[in-house]
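None of the figures in this text is laboratory data; all of them are computed from the coordinates on show. None of these values were measured; they are calculated from a predicted model. As a convention, Cβ positions derive from the backbone with ideal geometry for all residues, glycine included, and neighbour counts pool all protein chains shown.
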């Protein structure tokens, strides 16, 4: 069972697969119309974690690694951006409080 999440009094479902192996994911409004009494649950994203923040930070740093190649001079704005990314875990007291620095124009 995949993709769409909906609930009724007894169960919570996430999409469904037909007997022939095809995945069935009807549009939400059509699904509600065809299945009275069933509600589609609102998606609630998980709370941010430090591990997730570090992963995102590492990806942002990696995407700018080319700024630091030996035959290129990194601008002060680029260096400050990368330092701000490295400082994120020490700057904020909670993962929910993180505000990402703005990437300078290339």
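Assuming R0 = 25 Å, can you tell me the calculated FRET efficiency for the pair residue 92 and residue 65, based on Cβ-Cβ distance, to the nearest 0.05?
Details: r = 23 Å, r/R0 = 0.93.
The value I calculate is 0.60.
Relative to the present Cα-Cα distance, how much length would full extension add between residue 51 and residue 103 at 0.36 nm per residue of separation? If you can, show how the numbers build up before the last one.
Values: separation 52, 0.36 × 52 = 18.72 nm, distance 2.16 nm.
Net length gain for the segment: 16.6 nm.
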